[in-house]
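Taking it in order: structure first as structure tokens, then the write-up.
Every read-out reported here was derived from the displayed coordinates using simple, explicitly stated rules and does not represent laboratory data. Quick caveat, the model's predicted, so the values are computed rather than measured. Every residue, glycine among them, receives a Cβ derived from its backbone with ideal geometry; neighbour counts consider all protein chains shown.
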Protein chains: 2
Amino acid sequence: MREVRFLLVGLGNLGRRFCEILLAKDDLLRERYGLALRLVGAADSRGVAYDPAGLALAEVARLKAAGDTIANYPIAGNHAWDAPTLVANADAELLLEASPVHLQQGAEPGLTCIRTALRRGMHVVTPNKGPLVAAYRELHDLAAEHGVCLRFDGTVAGGLPAINLGQRDLRGAVVERLETVPNLVTGYVMDLLTEGLSWDESLERARAAGVLEADASWDLEGWDAAAKLTILANAVLGYPARLDEVARTGITALDVDELCAARERGYRYRLLAQAERRPDGSYALSVAPVPLSPDHPLGHLGSKQVGVVFTTDIYGTITAIIEERDPIPSAATMLRDILDIYVGSGELKVTS
Amino acid sequence: MREVRFLLVGLGNLGRRFCEILLAKDDLLRERYGLALRLVGAADSRGVAYDPAGLALAEVARLKAAGDTIANYPIAGNHAWDAPTLVANADAELLLEASPVHLQQGAEPGLTCIRTALRRGMHVVTPNKGPLVAAYRELHDLAAEHGVCLRFDGTVAGGLPAINLGQRDLRGAVVERLETVPNLVTGYVMDLLTEGLSWDESLERARAAGVLEADASWDLEGWDAAAKLTILANAVLGYPARLDEVARTGITALDVDELCAARERGYRYRLLAQAERRPDGSYALSVAPVPLSPDHPLGHLGSKQVGVVFTTDIYGTITAIIEERDPIPSAATMLRDILDIYVGSGELKVTS
């Protein structure tokens, strides 16, 4: 049995769900892969808990479900440390960085935690877009320099393996065009508007369904889609895109009559993020609401679906779509990334 | 520059196209991955050519385009050797086995070539279903025993990375249901029938388009789809399926009136291969023509598209679809597999 001692920073929706997934999957991971994942440290915005002998996942999940801080974890809880202190001092080989996106505040504390972990020779798995948008190249090079893995499949399009597919299955190809509808909530809201709900009602419904963040402008103004496109461009297209070069139009100025008229013609509006290859090999990046025809590979996306299309020179046109009825697939991307590090590398073998 | 000396067995549609792809991609592979692929031996059904110093891809492609045998390759051509003799004696580290599927004749010569190559410590890449259907477990174990890779992403659904997606991106999950429309020609023919063409006209059109094999029953009676499902079950579901346990119904007994009536209701007939998980963890396997509703993830497949759907416990429902307008993507799967072996393993790094 290979034991992997890991830290979990960020115990919001994704971090807490990950604890629940791990509780349910512990036996399967041991049996199928010979892998025992041991949580030794965890952090939220109010403090940390650290115990080299291991924290109980059920107790972590219970504390957070009750709205409490991890710093109140029995004995191991620590109100004086913060996440970066934990990452700098704990004995572990893997960091899961799942703190909320704070692009406006310099992608912290995620960026510092990831830098520190990579420099200490730890593998890093993160579904947090902020640090990758802010410092893709630096983090990529830091991981290579220290001979460790940096995996971030969960940063784009929820549980869809868009990064993996692009990085691993399109090798040797030239991607002529990348199109993605990576943001769930904008499609959800536009579908409700089409059904006759008002803007206020639609946003309220999205909030109640848990798909709209407190800061609605992040989704509605296309920042989320632009951040995801920036990461895809860097990671899949090999193009060093910056967030501020994405031509970005959100959905808030949309005319509802036009939405409804498009639907009647069989078209479906989605917030489409696109990268179009220029003759010099760079890419033109844009995010805008677009009426997708029924013939478009993403023209039938439902309210709970996101997707990506790669138009390539030698692998045809490849589309991938995910239907997510809850946040479990997004949280499970961390498990996918962990297994890629330990099983994909050949270190652990699959027992079947 | 890392030079990889390889053999290519089978110079039909896929093998010849692969030579053309490699000619076009040689510079990119050297620049992006530091990889130089050198063809040292090739075989067709009439003989071989072998030159340790390398064969010229353009000359191989020219001979085959002219309907000639590789045995007439200048100086290196050899009418006395066959493919297994080449694989048993050539100095190379990689075998591409792209000979035609001959399930009825025991999957030869592919099976012998693959066995021999693995035993000699060569990596093997193959889009040939026959050997994998006939001896999945044996070949898998043989590769593991000799510490080499056996890759076969091209055996299922043309250029769609269905095997890769299932093996690498669903780790840790339970696949409740796998649905795939892996065969292009049956959908193509059913669409033509719906448009009012007769069976004879539809088959003639499919033959002219190069999508129907000489032995039409392989596709039309569902053998091709059943073979692909068998490989997916073994490779992705970890279920040791046999071809003869697939409940198989082809499309030849279909009522054209029913096809047309379904289309008018917005349904689209496709030859659907399914694996449904039983409570004991085994899978029920079937292939049959099914009217897919517009809400089905594969309900809008065009005549040039194939696809796969994985319904999982923790990664939601993931659909992947490819549009192939020519056989290039199917041939390019061999390049994808080669790059997975040398770049995916970390042996070669991506320069960007």
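Taking only C-alpha pairs under 8 Å that are 6+ residues apart, what is the relative contact order of region A:223-282 in percent?
Dividing the mean separation by the residue count of region A:223-282 yields 35 percent.
Sticking with the crude label model, points 7 Å out along Cα→Cβ, report the distance from A:A253 to A:A288 in nm, one decimal please.
Roughly 1.0 nm, to one decimal.
Kirkwood Rh and Cα-based Rg: tell me the resulting Rg over Rh for region B:111-157, rounded to two decimals.
Details: Rg = 9.6 Å, Rh = 10.4 Å.
Here Rg/Rh amounts to 0.92.
Enumerate the calculated ³J(HN,Hα) couplings along region B:70-84 in order (Karplus 6.51 cos²θ - 1.76 cosθ + 1.60, θ = phi - 60°), each rounded to whole Hz, writing x wherever the residue is Gly or Pro.
Residue by residue, region B:70-84 yields 5, 5, 8, 4, x, 6, 6, x, 8, 7, 7, 7, 10, 4, x Hz.
Between B:A208 and A:D27, how high is the FRET efficiency from 1/(1 + (r/R0)^6) when r is the Cβ-Cβ distance and R₀ = 60 Å? Nearest 0.05.
Values: r = 55 Å, r/R0 = 0.92.
With R0 = 60 Å, the Cβ-Cβ based efficiency is 0.65.
Nearest 20 debye, what's the magnitude of the dipole of the protein assembly as shown about its Cα centre given +1 on Lys and Arg Cβ and -1 on Asp and Glu Cβ?
In total the dipole reaches around 1360 debye.
Against the 2.2 N^0.38 Å scaling, with N counting residues, where does region A:173-299 land? I'd like the Cα-based Rg ratio to two decimal places.
Values: Rg = 15.1 Å, N = 127, 2.2 N^0.38 = 13.9 Å.
For region A:173-299, the normalised Cα radius of gyration comes out at 1.09.
Between A:L192, A:L118, A:L14, find the one with the highest GNM mean-square fluctuation for chain A; connect C-alpha pairs within less than 10 Å.
The residue with the greatest mean-square fluctuation here is A:L192.
Between B:R177 and B:A261, what's the calculated FRET efficiency when r is the beta-carbon distance and R0 is 30 Å? Round to 0.05. If you can, show how the numbers build up before the last one.
Values: r = 27 Å, r/R0 = 0.89.
The pair B:R177/B:A261 has a calculated efficiency of 0.65.
Between region B:313-346 and region B:109-131, how far is it from one alpha carbon centroid to the other, in angstrom?
That distance is 20 Å.
Shortest first, in nm, what separates the label point of A:G67 from those of the same position in the other copies (7 Å along Cα→Cβ)?
8.1
Would you kindly give the portion of the calculated P(r) for the protein assembly as shown that falls above 52 Å, as a percent of all Cα pairs? The partial results should precede the final answer.
Numbers: 26570 of 247456 pairs.
Of all Cα-Cα pairs in the protein assembly as shown, 11 percent lie more than 52 Å apart.
Can you give the helix-only mean residue ellipticity at 222 nm for chain A, where every DSSP H stretch with n ≥ 4 adds -39500 (n - 2.57) and the sum goes over all residues, rounded to the nearest 500 deg cm²/dmol? All intermediate terms of the calculation are to be shown ahead of the outcome.
Working: 12 runs with 131 residues, N = 352.
So the helix-based figure for chain A works out to -11000 deg cm²/dmol.
So the label point sits 7 Å from Cα along the Cα-to-Cβ vector; using that for A:R38, what distances do you get to the other copies, in nanometres, sorted shortest first?
4.9
For region B:31-132, report the convex hull volume of the alpha-carbon atoms normalised per residue, in Å³, without decimals. Present the calculation step by step, with values, prior to reporting the outcome.
Numbers: hull volume 12.2 nm³, N = 102.
Output value, Cα hull per residue: 119 Å³.
Among A:P84, A:P240, A:P109, which one moves the most in a GNM of chain A with springs linking Cα atoms closer than 10 Å?
Of A:P84, A:P240, A:P109, the Gaussian network model singles out A:P240 as fluctuating most.
Show the residues, 5+ positions off or on another chain, whose built amide H is closer than 5 Å to the amide H of B:E176.
B:T311, B:T312, B:D313
Could you put B:R30, A:R325 in order, starting from the residue whose Cβ has the fewest other Cβ atoms within 10 Å?
Numbers: B:R30 15, A:R325 9.
The order, fewest Cβ neighbours first, is A:R325, B:R30.
Could you list which residues have their amide H under 5 Å from that of A:L95, counting only those 5 or more apart in sequence or on another chain, with H placed in the peptide plane?
Amide H neighbours of A:L95, under 5 Å, 5+ apart: A:L7, A:H123, A:V124, A:V125.
Please list the equivalent ellipsoid semi-axes of region A:122-185, computed as the square roots of five times the alpha-carbon gyration tensor eigenvalues, in descending order and whole angstrom. The partial results should precede the final answer.
Numbers: eigenvalues 91, 53, 24 Å².
In descending order the semi-axes read 21, 16, 11 Å.
Rounded to the nearest whole Å³, what is the per residue volume of the convex hull around the Cα atoms of region B:108-233? Show your work: numbers first, answer last.
On the way: hull volume 15.5 nm³, N = 126.
Value for region B:108-233: 123 Å³ per residue.
Viscosity 1.306 mPa s, temperature 10 °C: Stokes-Einstein D of region B:251-336 from its Kirkwood Cα radius, in µm² per second?
On the way: Rh = 15.1 Å.
Translational diffusion coefficient: 105 µm²/s.
Against the empirical 2.2 N^0.38 Å scaling, what ratio does the C-alpha Rg of chain B come to? Don't skip to the end; give the middle numbers.
Details: Rg = 20.5 Å, N = 352, 2.2 N^0.38 = 20.4 Å.
Computed over Cα atoms of chain B, the ratio equals 1.00.
Among DSSP beta bridges whose residues both lie in chain B, state the antiparallel percentage, nearest 5.
Details: 33 of 52 bridges.
Antiparallel: roughly 65 percent of the beta bridges in chain B.
Name the residues whose placed amide hydrogens come within less than 5 Å of the amide hydrogen of B:F152, ignoring near sequence neighbours (fewer than 5 apart) on the same chain.
B:T126
Quick one: order A:D215, B:D91, A:D51 by neighbouring beta-carbon count within 10 Å, fewest to most. Don't skip to the answer; put the middle values down first.
Details: A:D215 14, B:D91 11, A:D51 17.
Placing the least packed residue first, the sequence is B:D91, A:D215, A:D51.
Quick one: with label points 7 Å out along Cα→Cβ, list the inter-copy distances for B:P52 in nm, shortest first?
5.7
From the phi angles alone, apply the Karplus equation (6.51, -1.76, 1.60; θ = phi - 60°) to region B:266-273 and give each ³J(HN,Hα) in whole Hz, x where the residue is Gly or Pro.
After applying 6.51 cos²θ - 1.76 cosθ + 1.60, I find x, 8, 10, 6, 9, 7, 9, 9 Hz.
Of A:I163, B:I114, B:I314, how do they rank once you tally other Cβ atoms within 10 Å and put the fewest first? Show your work: numbers first, answer last.
On the way: A:I163 23, B:I114 31, B:I314 20.
Going from sparsest to densest Cβ surroundings: B:I314, A:I163, B:I114.
Please report the antiparallel percentage of DSSP beta bridges with both residues in the protein assembly as shown, rounded to the nearest 5. Kindly include the intermediate steps, with their values, before the conclusion.
Values: 73 of 111 bridges.
That works out to approximately 65 percent antiparallel.
What are the semi-axes of the equivalent ellipsoid for region B:9-81, taken as the square roots of 5 times the Cα gyration tensor eigenvalues, largest first, in whole Å? Before the final figure, lay out each step's value.
Details: eigenvalues 99, 35, 16 Å².
Gyration-tensor ellipsoid for region B:9-81: 22, 13, 9 Å.
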